[in-house]
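Worksheet for the structure shown next.
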Amino acid sequence: MSSLPDSNSKGPSSKSVGCVFHNPAMAGSRTRSVMLIAHAIESGMLGKSEVRALDGLSASGLRARRWLNELPAESASRLIATVGDMTQTALDWAMATEADFPAQQGELHPLLGDLRTSVLSQGWHWIDIDPFGSPVPFLDTAIQALARRGVLEVSATDTAALSGSSKNPLMRRYGARVRLDKLKHDSGLRVLMATVARAAARHDRSVEPLLSIWDSHHLRVSVRVRRVMEGANDVEASLGWRVYSPNQAEVEAAIAAGLLPASDADELPIRCFLPLSHPVAREDLRISGPMWIGPMGDVETMASMTEERVLQMCAPTYEEGDLAEWSEKDFEAERRRVVRAIRHIAGESTAISAHHLIAVDELASWQEKGSPPSPRRMVELLREKGYNAALSHYAEPSFRTDAPWSEIIDSMKKISATDV
């Protein structure tokens with residue numbers, strides 16, 4: 001349980017004016033990071049001995065502090081956490097708060113310097129990159145610095161580029177394009193994932209997505225990185241294109257590549273994936289990519305992020321009295337915020353491999369219906385038909401499913417008929 005809960009406010013701020021950068025809007029990201037590192041340690045993903053974790057652009061150091069304070073004691077005792085920053089002031093502040101509020105288990109150390117070089121000081125099991133703007137300049141050295149088994153968490157705050165609003169920076173930094181539509185942030189996440197995967201492949205490593213989130217002002221992907229030559233060689237098999245309003249030939253190509261169920265040939269979907277080898281026209285505004293076209297998360301990792309677990313690990317309780325200035329109402333509000341950080345993630349794990357991510361208001365427009373269907377009701381109907389379906393954590397009312405497009409439309413029509 002954290003002794004330093006994040007602030008209610010949104011956007012970057014500091015602990016004191018002109019002192020140390022701190023962004024309260026990243027509170028949910030830090031909560032998910034605690035949950036993820038707990039699962040990685042407990043599942044054996046990071047081995048059985050000590051875990052060397054680097055909060056590479058730490059500023060206030062709060063992320064690493066939360067790792068140590070909120071992990072279960074057995075896991076925290078294995079953690080050697082390091083906060084890295086280019087400014088001594090930030091590191092002094094982080095270490096001073098550690099002296100005032102020491103973690104009960106584990107260790108906390110400072111690392112001064114530019115992450116692009118300082119990260120190579122040792123091998124790490126866990127590296128977190130949370131820069132202002134694009135993470136691209138930090139990827140190669142971070143991947144080189146990972147141990148044989150490791151996890152890399154990467155945030156990007158250049159969302160205007162990744163979501164397609166700023167096309168030139170998107171092409172310069174990521175070599176991709178993204179269509180401005182309801183799934184533009186999911187496309188941005190997939191472009192970011194492809195960028196991380198290609199960086200890993202340059203160093204004979206492969207990635208396995210664990211979690212991907214669009215949250216407020218940033219995109220974030222978390223991957224397991226392994227030194228597996230075969231996976232590095234096959235990286236392009238997981239890359240491709242997303243096409244909006246595909247034609248019959250494109251749908252058939254997606255089916256042939258295993259990117260849509262065979263029965264999707266009956267009715268054309270809003271969009272589909274195509275393999276990287278499929279020829280696309282540069283001037284075609286329907287096309288986004290190159291991007292990651294495989295699952296954007298790991299079933300077991302996502303399933304571990306339950307409401308019960310996050311409250312147990314990350315939420316303060318009124319009875320503990322460790323924040324005397326907080327009222328009972330404040331504690332309840334904080335508990336709701338903690339739960340909101342992982343909302344739908346565990347349930348979404350059941351359909352994370354599904355081909356369709358569908359925003360319900362876009363579905364209504366596509367079918368020229370006045371009101372979008374309830375995503376929860378769509379999930380219920382599709383499950384009744386025997387398909388995988390789940391509400392999405394995506395920040396649009398949406399759901400994932402592996403159902404054929406004809407079944408999705410049929411379910412929507414049933415809901416519309418009952419609403420009349």
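The values are calculated or read from the model by the stated rules, or taken from the named source; none is laboratory data. Computed from a predicted structure; not experimentally measured. Note: ideal-geometry Cβ built from the backbone for every residue, glycine included; neighbour counts use all protein chains shown.
Of the residues L285, L268, L260, L274, the single one that is in a loop (DSSP other than H, G, I, E, B), modelled with pLDDT of 95 or more and more than 30 Å from L36 (Cβ to Cβ) is L285.
Rundown of residues vs (1) out of contact with any Leu (no Cβ under 7 Å at 6 or more places or on another chain); (2) crowded, with 23+ Cβ neighbours inside 10 Å; (3) among the charged types (D, E, K, R), yes/no style:
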site: G150; (1), (2), (3): yes, yes, no
site: T159; (1), (2), (3): no, no, no
site: L162; (1), (2), (3): no, yes, no
site: S165; (1), (2), (3): no, no, no
site: P169; (1), (2), (3): yes, no, no
site: V178; (1), (2), (3): no, yes, no
site: D181; (1), (2), (3): yes, no, yes
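A single entry from G113, G61, G106 fulfils the requirement of being at positive phi, exposed (fewer than 15 other Cβ atoms within 10 Å of the Cβ) and in contact (Cβ under 8 Å) with a residue 24 or more places away in the chain: G113.
Of everything in the range 215-237 that is under 19 Å from the mean Cα position of the chain (by Cα) and at pLDDT below 95, the residue that is nearest to A147 (Cα to Cα) is R226.
Applying the condition of being assigned to a helix (DSSP H, G or I) and free of Cβ contacts under 8 Å to residues at least 60 places away in the same chain to the range 23-41 and asking which residue is nearest to A76 (Cα to Cα) yields I41.
Residues are listed down the side, and each one gets a yes or a no for (1) farther than 21 Å from G28 by Cβ; (2) of a type in the set (F, W, Y); (3) under 20 Å from the mean Cα position of the chain (by Cα):
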| residue | (1), (2), (3) |
| --- | --- |
| G44 | yes, no, no |
| G47 | yes, no, no |
| G56 | no, no, yes |
| G61 | no, no, no |
| R66 | no, no, yes |
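Only one entry of P137, P131 meets the criterion of being within 30 Å of Y394 (Cβ to Cβ), free of Cβ contacts under 8 Å to residues at least 40 places away in the same chain and of a type outside the set (S, T, Y), and that entry is P137.
Would you mind listing the strands (runs of 3 or more DSSP E) fully within the range 354-408 where at least 2 residues are aliphatic (A, V, I, L, M) and in contact (Cβ under 8 Å) with a residue 40 or more places away in the chain?
Result: 356-359, 389-391.
Would you confirm, using the coordinates I've provided, whether D186 is in contact (Cβ under 8 Å) with a residue 24 or more places away in the chain, among the acidic types (D, E) and outside any loop (DSSP other than H, G, I, E, B)?
Considered against the rule, which asks whether it is in contact (Cβ under 8 Å) with a residue 24 or more places away in the chain, among the acidic types (D, E) and outside any loop (DSSP other than H, G, I, E, B), D186 comes out as yes.
Residue-by-condition table, conditions (1) under 30 Å from L259 (Cβ atoms); (2) among the hydrophobic types (A, V, I, L, M, F, W, C); (3) surrounded by fewer than 22 Cβ atoms within 10 Å (Cβ to Cβ):
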| position | (1), (2), (3) |
| --- | --- |
| M305 | yes, yes, no |
| L311 | no, yes, yes |
| E362 | yes, no, yes |
| Y394 | yes, no, no |
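Could you please find all residues in the range 153-167 being among the small types (G, A, S) and in a helix (DSSP H, G or I)? Listed by number, the residues that qualify are A160, A161.
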